[in-house]
Structures are given as structure tokens and as C-alpha cells.
Amino acid sequence: MSNRQWYAVSAIAAALLVGGCESGQSVDAAPTSSTAKATTTAAAPVQNRRAENGAVVQQDGLVGSGTLEIENGNSSDVAVVVTNGDPKRPQATIYVQGDSTATLSGIDGTYYVYMKTGKDWDQAALGFTRDRDFQKFDDSFDADSSWTITLQPSIGGNASTSDVPSF
């Protein structure tokens with residue numbers, strides 16, 4: 001098919017799509033006005049669900065003697081994940097509301113602490129739906145000791161964190 005024929009086919013197809021074509025109606029007779037109805041739908045309300053402060057929202061293996069106290073001095077809520085390896089397979093996840101403190105007990109072995117922050121906690125997905133951020137404490141923790149972590153930068157603080165991919 002030559003370019004000229006292709007353009008002609010395209011123009012006819014476009015006219016059919018825009019104007020419609022009934023049996024016996026030529027392309028030149030396509031309607032020139034439209035009576036489309038505008039419809040609007042109300043936007044879904046923004047949700048701001050939260051778990052209870054200190055709620056263990058996920059648990060799989062809290063059998064040790066380790067204790068972790070979390071002091072959240074930020075206004076944002078956080079889900080703290082304690083894992084021996086992969087944050088997608090934690091020993092437990094505890095929810096700590098902004099400007100609150102919570103304690104997780106029963107931690108076993110050497111573990112790592114990951115954090116999920118954001119807005120609107122979805123319990124079924126075990127995550128926030130908006131403004132999400134994911135971090136990890138760079139050093140591991142030993143369950144033979146009781147630890148306290150503070151989740152806001154502090155002068156003289158001795159623990160660094162890194163951004164990590166979502167989990």
C-alpha cells in the first residue's frame with residue numbers, strides 16, 4: 001500500500017471513529033456537534049488509618065529474651081520490623097505512633113531493625129499507603145541485651161541508618 005493510500009485509509013477510519021457511520025452515510029456527512037454528557041465522580045476520601053501504639057501487627061517467632069524499646073520522637077508513625085535477615089520475613093513488626101514509646105519483647109538471636117514510615121496504615125498489606133519511606137539501622141543488635149533506639153536524629157547519637165528498597 002502506498003503512503004497516499006495509507007493516509008486515505010487513516011482519514012476515513014478517523015472520520016468513522018469521530019462521527020460514526022450508518023449504512024449509506026458518507027464520510028462527509030459526519031455529525032459536526034456532540035451531545036456528550038459530562039460526568040463527575042467524587043474522589044474517595046483520604047484515609048488516615050493507624051494501628052494502636054505498641055501493637056504487634058505481625059509476629060513469627062518471638063521466643064527469645066531480647067527486648068527493644070522504641071522511642072519515636074517524630075510526629076510520623078512507624079512500623080519497626082525486627083528480623084534475623086530478610087525484612088519480608090520478620091520475627092515481629094511493632095507499630096509505634098508518632099511522639100510515643102513502645103517495647104517489643106521476646107526477640108531471639110542477632111537481629112536487624114528496619115523501619116517503615118508513612119501515612120494511612122493498611123493492616124492487610126502490613127504497610128502504609130502514602131508518603132512511604134524505608135530505612136534500616138546499619139548495625140545488628142544482640143538479643144542477649146536490652147536495647148533502646150531513638151527514631152529521631154540526636155546529637156551524640158551512635159547509630160546510623162540507611163535507606164533501603166520497599167519491603
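Observations, loosely collected:
- Scanning region 38-61 for residues that are within 30 Å of Asp108 (Cβ to Cβ), of a type outside the set (Lys, Arg) and at pLDDT 80 or above returns Ala51, Glu52, Asn53, Gly54, Ala55, Val56, Val57, Gln58, Gln59, Asp60.
- Exclusive hit being modelled with pLDDT of 90 or more and closer than 22 Å to Thr110 by Cα, set Ser65, Ser75: Ser65
- Count of region 75-115 residues, restricted to those that are touching a Gly at 6+ places or on another chain (Cβ under 6 Å) and closer than 24 Å to Ser154 by Cβ, is 5.
- Residue match in region 144-155 (condition: assigned by TED's automatic domain parsing to the domain that holds Ser76, modelled with pLDDT of 95 or more, among the hydrophobic types (A, V, I, L, M, F, W, C) and surrounded by fewer than 13 Cβ atoms within 10 Å (Cβ to Cβ)): no
- Region 130-143, residues that are in a strand (DSSP E or B) and either surrounded by 14 or more Cβ atoms within 10 Å (Cβ to Cβ) or hydrophobic (A, V, I, L, M, F, W, C) (or both): Asp133, Phe134, Gln135, Lys136, Phe137, Phe141
- Cβ pairs under 9 Å, 6+ apart, first in region 43-64 and at negative phi, second among the hydrophobic types (A, V, I, L, M, F, W, C) and at pLDDT below 90: Val56/Leu62
The values are calculated or read from the model by the stated rules, or taken from the named source; none is laboratory data. The shown structure was predicted, so the numbers you read here are calculated from the model rather than taken from an experiment. Positions of Cβ are backbone-derived with ideal geometry, glycine not excepted, and every protein chain shown enters the neighbour counts.
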